[in-house]
1. Sort out which residues of segment 8-36 are of a type in the set (Phe, Trp, Tyr) and not in a helix (DSSP H, G or I), and write them in order of number.
2. Which condition breaks for ILE308 when tested against (1) open to solvent by less than 20 Å² (accessible area, probe 1.4 Å); (2) of a type in the set (A, V, I, L, M, F, W, C); (3) without any contact (Cβ under 8 Å) to a residue 60 or more places away in the chain?
3. Quickly run through segment 211-237 and pick out the residues that are at pLDDT 90 or above and not in a helix (DSSP H, G or I).
4. Among the residues of segment 303-356, write down those that are farther than 27 Å from ASP256 by Cβ, modelled with pLDDT of 85 or more and of a type in the set (Ser, Thr, Tyr).
5. For segment 47-85, which positions are aliphatic (A, V, I, L, M), in contact (Cβ under 8 Å) with a residue 60 or more places away in the chain and open to solvent by 40 Å² or more (accessible area, probe 1.4 Å)?
6. Any chance you could count how many residues in segment 132-174 are surrounded by fewer than 16 Cβ atoms within 10 Å (Cβ to Cβ), over 30 Å from the mean Cα position of the chain (by Cα) and within 13 Å of ASP32 (Cβ to Cβ)?
7. If a residue has to be in a helix (DSSP H, G or I) and under 14 Å from ASN313 (Cβ atoms) to count, how many in segment 238-250 make the cut?
8. Name the pairs whose Cβ atoms lie under 6 Å apart, with the first residue in segment 240-264 and without any contact (Cβ under 8 Å) to a residue 40 or more places away in the chain, the second among the basic types (Lys, Arg), and 6 or more positions between them or separate chains?
Amino acid sequence: MLQTEQTLFEQMRITELEIESRKALFSFTGADVKALQSFKPIIEENIDKIVDDFYGLQTSVSEIALLIGDSDTLARLRTAQRRYVLDLFNGVYDLEYVNNRLRIGLVHKRIGVEPKLYLSAVHTLKELIYAVINCSVQDTHQGECIRVAIDKLVLFDVTLVFDTYIRSLVSEIENAKDKAEKYAQMESKVKERTQQLEELSQTDPLTGLLNVRHLQETATRILRAAQRRAEPVSVIYLDVDDFKSFNDTQGHRSGDEVLRAVAKAIKEITRAEDHCFRYGGDEFCIIMPNCREEQARDNFITRFNQKIKLSLNNISLSFGIIDTGPYEYEEANSLIHKADQRMYSYKRASKQQQQTMAAANDLAPENSTADVHSISQSQSVDKAVE
């Protein structure tokens, strides 16, 4: 049976017996249910403040704010979170309750929420609920009973969410393997699969370079290591000029081939200690430890242009290079942003020079030549992509 023909319960093999078994694993009893129900009226009075405070804290984290994206999505999330908090104290933890938790896990995986961000959000929500308990419950024993019950139920929920995370990742690998293996066979290959999942989470599938999700973390780690050793760090930011126009005229398949060719050249030119990322679309970012701007320009850019000429036709790239250290260091975000800005400055200057050259050619006699230095080189060979 196809996965799309199965319910989440069937895919996850969740039954009422399984639900009761999981509750027993966390010693979640009827007494815990009563403790949570007793606190429901107070939660209902404070629900708006809890949700407001929760998303105030969440949107202050740049990674989470980027995933949320817009006010409409935030409004939907607030509504869902409000319903979830009320469900925690509703006292009914049946198949419908479990199905909602499974769907939360599925949605989180699909939009790219990393487990660390999810667990951080769970911790934040618990702390906000604890604060309400501390302010509203005078009986110390009662307050402790409510907190213990919340801990058990939230752990119960987390196991369901993470089961969905894992199942979704396993499905991706099964599809990549042409669905040749069944879920039951995965138990004997846990170690191999775990390594594959880790690599998939860090790699851009089109180019084989690192994906942007780990750029900030990697850049920060490299900068801290450079500070300890008093070494410079360079960042190269590059993109393909007029790539949208190329896609529109040549087709997205040809565009993908260009991106793969650029990534291949990057991997062949860079050193083992360099970190190469596909930033998004036709943009790439390279972090080069123990390297100054002049070295990056003289070594990488020169060799890169020579390499790219062998595989691409009528394609030009713009570069932005910046370094930091060894005495003072930029923050990772600032360094990447400045490299990006330099790249766009190069791109604008290149277009201006091209326009100047075109104007000079129109005005000059046939035998005259215009000596214009191009910042962004154009590569031309007999074939578009080998």
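1. Selection gives PHE26, PHE28.
2. Of everything listed in (1) open to solvent by less than 20 Å² (accessible area, probe 1.4 Å); (2) of a type in the set (A, V, I, L, M, F, W, C); (3) without any contact (Cβ under 8 Å) to a residue 60 or more places away in the chain, ILE308 misses just condition (3).
3. Result: ALA230, GLU231, PRO232, VAL233, SER234, VAL235, ILE236, TYR237.
4. THR324, TYR327, TYR329, SER334, SER345
5. LEU57
6. The total comes to 3.
7. 3
8. Nothing qualifies.
The values are calculated or read from the model by the stated rules, or taken from the named source; none is laboratory data. A quick note: this is a predicted structure, and the numbers were derived from the prediction, not measured. Cβ sites come from the backbone with ideal geometry, for glycine too, and all protein chains shown count toward neighbours. Heavy atoms of the whole protein, side chains included, go into the accessibility calculation; ligands, DNA and RNA do not. Shrake-Rupley method; radii C 1.70, N 1.55, O 1.52, S 1.80 Å.
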